[in-house]
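Some notes on the structure that comes next.
No value in this document is a laboratory result; all are computed from the given coordinates. Here the structure is a predicted model, which is why all the values come from computation and not from measurement. Every residue, glycine among them, receives a Cβ derived from its backbone with ideal geometry; neighbour counts consider all protein chains shown.
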Amino acid sequence: MIANFGYKDGSGEFFITIDTDKCNGCGDCIPVCPAGVLEVRENEFDPLAEDQMAAVKEEHRKKIKYSCAPCKSDKSSGSEPCISVCELNAITHSW
Amino acid sequence: MAKEFWRWKEYNWKSEDIDWKGGTTISAGVDVGSVSSQSVILVDGELFAYSNMRTGSDSPMSAQNAMNWALEKTDMKLENIHYVVGTGYGRVNVPFANKTITEIACHARGANFMYGNTVRTLIDMGGQDCKAIQCDEKGKVVNFLMNDKCAAGTGRGMEVFADLLSLSIEEVGELSFQIDEEPEPVSSTCVIFAKSEATRLLRDGWPKNKVLAAYSSAMAHRVVTLLERIGIQKDFAITGGIAKNIGVVNRLQKEIGIETLKTDYDTQIAGALGAALFGKVLAEKARK
């Protein structure tokens, strides 16, 4: 499953995408995020399965443009800590 | 008190063909949304009763009211229900729920039941948010995206417009086609800005229906941009209150060039229906 966490507003599209077919819930992405945006929780979108997945915390979901801003100052987009640390390439950002 | 044009009718329904006492698994789903709350009762996976009403300021109370109203026409009691699943914004506030499940999973499951297993892309146009979902033939979520940061393209936006134009919310869909020619969409989909824009158009002498048409197409366009991110695969269906608004639905169909599936079920109960279907599976699992 492709889970898009974030929003779209007048200033653009801000989504962190987790591919649950790749994510194994290892949690490597959690400590590398300076803003503490991610967490590992039950895959709530498939209530009959019991697998764990990385997800954006509810309190950050509607403001990730700002939460993620510190890592976005770098010009080399695609190398944000959460993206680089994930060996399974399960995380992508839309901006 | 002045007439409130946005007020839609609350209702409940009961199947005449099902004798619930003969059922093995009775499950219910309660969807406490931002604007409306629904409750659905299934007997062995068959639709037995449901209700649809406005959510009040008290979520646990809204959940209770919706449940009671679904039960009202029946001689069933809450104790007779084996498993209750809560969903929607207020899902943590359903006091009698055995489990809560996100509305994204429930809408996909509900649409699969309502529209059949050919549904691949689904958009839930709810009271205060919009969810674009891709699902497989079992109604399992494959890809989703939710926009709940802004009320553009939602039922609440349409309610605001119905009120502004003094037209009943049930009629705005039809009325938006009673125009000489299709106007340009309003440039802003933000409800607040769109409302100021509409006020100006009215002052410029635009007839109400034309303003409505301009807003309906802006709303349709807004939803299409959400869909583009997840991709549109056939078959395509809409759930939620806006699915009943032909003015938005037809314009949306035209923009994406795909017909939406039709259903005899009430599109507003999709979330609660999905929750009740999950409830059935979970009740059976618990029994084993």
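Peptide A:2-11 has a mean shielding of 6, counted as Cβ atoms of other protein chains within 10 Å of each residue's Cβ. Given springs between every Cα pair under 10 Å in a Gaussian network model of chain A, which of A:Pro47, A:Pro70, A:Pro81 has the largest fluctuation? Comparing A:Pro47, A:Pro70, A:Pro81 in a Gaussian network model of chain A, the most mobile one is A:Pro47. The label point for B:Phe177 and the one for A:Lys22, both projected 7 Å from the Cα toward the Cβ, are 4.5 nm apart. Amide H contacts of A:Leu48 (H built 1.01 Å from N, in plane; Pro and chain starts excluded): no residue 5 or more places away or on another chain comes under 5 Å.
Place a point 7 Å from the Cα of B:Asn117 along the Cα-to-Cβ direction; which residues of segment B:270-288 have their backbone N under 17 Å from it? Those under the cut-off are B:277-278, B:281.
Remark: relative contact order (chain B) = 24 percent; criterion is Cα-Cα distance under 8 angstrom and separation of 6 or more residues. Segment B:81-148 and segment B:200-262 have Cα centres separated by 21 Å. The phi-based Karplus calculation (6.51 cos²θ - 1.76 cosθ + 1.60; θ = phi - 60°) puts the 3J(HN,Hα) values of segment A:79-94 at 10, 4, x, 5, 6, 5, 6, 7, 6, 8, 6, 8, 10, 9, 10, 8 Hz, whole numbers, x for Gly and Pro. The GluC sites (Glu not before Pro) found in segment B:97-183 that occupy coil by DSSP, while having at most 11 further C-beta atoms within 10 Å, are B:Glu137, B:Glu181. Comparing mean-square fluctuations of A:Glu39, A:Glu58, A:Glu50 from a GNM of chain A with C-alpha springs under 10 Å, the top value falls on A:Glu50. For B:Thr55, nonlocal amide neighbours, meaning residues 5 or more places apart or on other chains whose placed amide H falls under 5 Å from its own, are B:Ser36, B:Ser37.
Scan segment B:123-197 for trypsin sites (Lys or Arg not before Pro) in coil per DSSP, keeping those whose Cβ has at most 15 other Cβ atoms within 10 Å, and list them by number.
Listed in order of number, the matching sites are B:Lys138, B:Lys149.
The antiparallel fraction among DSSP beta bridges confined to chain B stands at about 70%.
The relative contact order of segment B:53-105 comes to 32 percent, based on Cα pairs under 8 Å that sit 6 or more residues apart. A crude spin-label estimate for the pair B:Lys254 and B:Lys77, with each label 7 Å from Cα along the Cβ direction, gives 5.5 nm. Applying a 4.7 Å Cβ-Cβ cutoff to the protein assembly as shown, the cysteines left without a disulfide-compatible partner are A:Cys23, A:Cys26, A:Cys33, A:Cys68, A:Cys71, A:Cys86, B:Cys106, B:Cys130, B:Cys135, B:Cys150, B:Cys190. Computed extension length for B:Glu170-B:Arg203: 9.4 nm, one decimal, from 0.36 nm per residue of separation with the Cα-Cα distance subtracted. The mean sequence distance of close C-alpha pairs (under 8 Å, at least 6 residues apart), as a share of the length of segment B:1-125, puts its relative contact order at 23 percent.
The distance between label points at B:Glu228 and B:Asp264 comes to 3.9 nm (points 7 Å beyond Cα on the Cα→Cβ vector).
In a reduced charge model with +1 at each Lys and Arg Cβ and -1 at each Asp and Glu Cβ, the protein assembly as shown shows a dipole moment near 540 debye about its Cα centre.
Looking at segment B:232-272, the trypsin sites (Lys or Arg not before Pro) that sit in a DSSP loop and have at most 12 other Cβ atoms within 10 Å of their own Cβ are B:Lys234, B:Lys262.
Take the Cβ atoms of B:Lys9 and A:Ser11, set R0 to 35 Å, and the FRET efficiency comes out at 0.35. Where the centre of each part is set by its Cα atoms, how far does segment B:170-187 sit from segment B:1-68, in angstrom? Using only Cα atoms to place each centre, the spacing works out to 31 Å.
Stokes-Einstein at 25 °C, 0.890 mPa s, Kirkwood radius from Cα pairs: D for segment B:119-260 in µm² s⁻¹? Please report the intermediate quantities before stating the final value.
On the way: Rh = 15.1 Å.
For these conditions, the coefficient is 163 µm²/s.
Normalised by 2.2 N^0.38 Å, where N is the number of residues, the C-alpha radius of gyration of the protein assembly as shown stands at 1.01. Legend: distances between Cα atoms for B:Lys208/B:Lys234; B:Lys149/B:Lys285; A:Lys62/B:Lys9; B:Lys140/B:Lys234; B:Lys21/B:Lys280; B:Lys131/B:Lys288; pairs beyond 27 Å are B:Lys208/B:Lys234; B:Lys149/B:Lys285; A:Lys62/B:Lys9; B:Lys131/B:Lys288.
When each of B:Arg120, B:Arg287 is scored by the number of other beta-carbon atoms lying within 10 Å, the sequence from fewest to most is B:Arg287, B:Arg120. For segment B:224-235, putting each phi into the Karplus relation 6.51 cos²θ - 1.76 cosθ + 1.60 with θ = phi - 60° gives couplings of 4, 5, 5, 5, 4, 5, 8, x, 10, 10, 6, 7 Hz, in residue order, rounded to whole numbers and with x for Gly and Pro.
Computed 3J(HN,Hα) for segment A:12-26, one whole-Hz value per residue from the Karplus formula 6.51 cos²θ - 1.76 cosθ + 1.60 where θ = phi - 60°, is x, 10, 10, 10, 9, 10, 10, 8, 6, 6, 9, 5, 10, x, 5, glycine and proline marked x.
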